[in-house]
Structures are given as structure tokens and as C-alpha cells.
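The values are calculated or read from the model by the stated rules, or taken from the named source; none is laboratory data. In this text the structure is predicted, and so the values were computed from the model without any measurement. No Cβ is skipped: glycine too gets one built from the backbone with ideal geometry, and neighbour counts run over all protein chains shown. Just so you know, the surface numbers come from the protein's heavy atoms only, side chains and all, with ligands and any DNA or RNA stripped out. Shrake-Rupley method; radii C 1.70, N 1.55, O 1.52, S 1.80 Å.
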Amino acid sequence: MRLGPLALVAVALLAGCGGLVGTSTETTVTPAPVPEPPATESTGSAIAPGVGGARIVDADRLARAHRTAIRNRSYVWQERQRASPVETNESERIDTRLWVERERRYRYELSTSWRPVNTSEYTEGETRYRRDVSRAGFTYSTAPGTNVTARYGHQPEVAISRYLAIGSATVAATTVDGQRYYRITGSADTLPVTGEISNYSVEALVAPSGFVRSLSVSYEDVIGSNRERIDYRYRYSAVGETTVQPPEWVRARWPENVTTATTTPTGSATDTPD
């Protein structure tokens, strides 16, 4: 099976260019007939940057606002992509998790179904630690640390720009854990980069700040001679409640270089396999 876009994405990610993705703490989403707030100078919209009335006015602007909204926040981000030939049970996947405590303390995991390499990274301060697992064994390396938003912030930004470039949409006010959000749903016949597609549907939860808490997409596309179903989703959880512990392989290989967080609230990276 030829994956096309997913395979190209995986090549970039495994080379260390970015990050794609679960289980997580569920949030409570409650429909709420709250009145619309007035437009403000900061958002330029009564709803969120780039969103006006029943329309995505500028998906790129929304994407930039999202990137600003997640900077300097703690969270768990999970992203999943699936590609399946229509009318079969086969599928290929890319799964990623990113745990963030602060801009220079975070952990990242990437796995794919068709390539026998899994990548793990842990950044603390000025150093990024990396482990690649393959049939040949383990490969370890280090590199200068970078802020998490600079290293991985483009991934949700690209997804928002691409998948929410739909124009007309249904926008409904709701609440998530007592906070105002907007549920955006819609469809399209084309996507940026991909071009023509069919059976497209998208749903997103968007805060007035532009923070896109979750994004879920499905559509069909012709890749080579195959018609395939593409399913994409990401979501944030444990926002403002995540601490990150160094994985066991980092502690074992560089014991003198890493420190341990003093608390481990819900959403921490300590309750996942090393």
C-alpha cells in the first residue's frame, strides 16, 4: 500500500524536523446558549482570530493565533494519522505524543506502522536527548535544546491552516470545563496541497484566543491507483497541569545530566511506557 502524504510526513519527522500523533484525561464539553461577545481589537472577531460568523475567514490567521496561545503553557498533545484503502481493513498510521512542562522541558514520542523505527526525545534546558529504536538496536544522540514551540509548534499550525481552510462552516458556542469554546464543523471539496478530495468532514473546538483544543478530519483521496480514506486528529489535554519526567533511558545513559520534577499531576509523562 502506498501512503503518499503520510509517508512523506514520516520521513521528515524521523529526520527530526517536527512532530506528528491516544489516551488522556477527558474534558467535559457542554452545549451552552451563551450570547456572542462583541468583536475586540485583539481578535478582530466576535469569535476567534480568523473566524467570523458562519465562516472561516482566514485559517492561516487562526493557526498563528493558536501557536501564540500554546507558547509558554504546559500540556499533552496527541496526534494520529491513518490511511486505509477504501473497503478494506488495512491501515497505515503515524502516532505522536508530546508532553510539555515548559518551553525547555518536554518529551516527544513518534511511531509508525510501516517502518521499524521508533523515535523518542527528551529536552531539558540546553540539551536534547534522542533515542531511535530499530531492528538493529538502539541509537542514542544529543543535540542543542530548543524551545518546544519553535521545534514542534508548526505541526498543529500546519494542520489548522490546511484542514480548516473550508470557508463556510457551522459555528456553535459551547463550554469546555466551564470555559467558552466554539465547535466548528464543515466540509470541503479541495484542500491546500492535496487538491480535490471527497467525503470531507472536519470538526474543531476553538477558544476565543484562537487556541484549537481539538481537530478531527476524515476524507477520501486517490493516491496512485488507490482510493484511500484518510483520518486525522489531534487533541490537547492536561493544559496547565502537565509535568514531565525524564524517561528511564535518559536517566540510565546520562544520569549526571538530568533532574526530576518534584510533582507529577494528571497528564504527566511518568505514567507511560519508556
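If I filter region 93-122 down to residues being of a type outside the set (G, A, S) and in contact with a Lys or Arg (Cβ under 6 Å, 6 or more places away or on another chain), which single residue comes out as farthest from W77 (Cα to Cα)? Before the answer, list the steps.
Initially, region 93-122 is screened for residues of a type outside the set (G, A, S), giving 93-110, 112, 114-119, 121-122.
Add one more test, that the residue is in contact with a Lys or Arg (Cβ under 6 Å, 6 or more places away or on another chain), and what stays is 93, 95, 99, 109, 116, 121-122.
On the way: R93: 17, D95: 11, W99: 6, E109: 11, P116: 23, E121: 15, Y122: 15 Å.
Among them, the one singled out is P116.
Take residues that are within 29 Å of E103 (Cα to Cα) and out of contact with any His (no Cβ under 6 Å at 6 or more places or on another chain) and tell me which of the strands (runs of 3 or more DSSP E) falling wholly in region 117-219 contain 3 or more. Show your work before the answer.
Working: elements: 118-124, 127-134, 137-144, 170-176, 179-186, 198-206.
Result: 118-124, 127-134, 137-144, 179-186, 198-206.
In region 126-145, what count of residues is obtained for those that are open to solvent by 30 Å² or more (accessible area, probe 1.4 Å), at pLDDT below 95 and of a type in the set (G, A, S)?
2
S187 passes all but one of (1) open to solvent by less than 50 Å² (accessible area, probe 1.4 Å); (2) touching a strand residue (DSSP E or B) at 6+ places or on another chain (Cβ under 7 Å); (3) not acidic (D, E); which number fails?
Condition (1) is where S187 drops out.
Mind listing whichever residues of region 54-89 are basic (K, R) and either at pLDDT 95 or above or assigned to a loop (DSSP other than H, G, I, E, B) (or both)?
The initial filter retains those residues of region 54-89 that are basic (K, R), namely 55, 61, 64, 67, 71, 73, 80, 82.
Of everything in region 54-89, those that are basic (K, R) and either at pLDDT 95 or above or assigned to a loop (DSSP other than H, G, I, E, B) (or both) turn out to be R61, R64, R67, R71, R73, R80.
Identify, please: which residue in region 242-260 is buried (at least 16 other Cβ atoms within 10 Å of the Cβ) and part of a loop (DSSP other than H, G, I, E, B) and is, among those, modelled with the lowest pLDDT?
It comes out as V258.
Can you tell me which residue among S225, S198, S237, S216 is surrounded by fewer than 20 Cβ atoms within 10 Å (Cβ to Cβ) and at pLDDT 95 or above?
Numbers: S225 fails: at pLDDT 95 or above; S198 fails: at pLDDT 95 or above; S237 fails: surrounded by fewer than 20 Cβ atoms within 10 Å (Cβ to Cβ).
Going through S225, S198, S237, S216 in turn, just one is surrounded by fewer than 20 Cβ atoms within 10 Å (Cβ to Cβ) and at pLDDT 95 or above: S216.
Check region 166-175 and report whether any residue there is open to solvent by 30 Å² or more (accessible area, probe 1.4 Å) and more than 22 Å from G210 (Cα to Cα).
no
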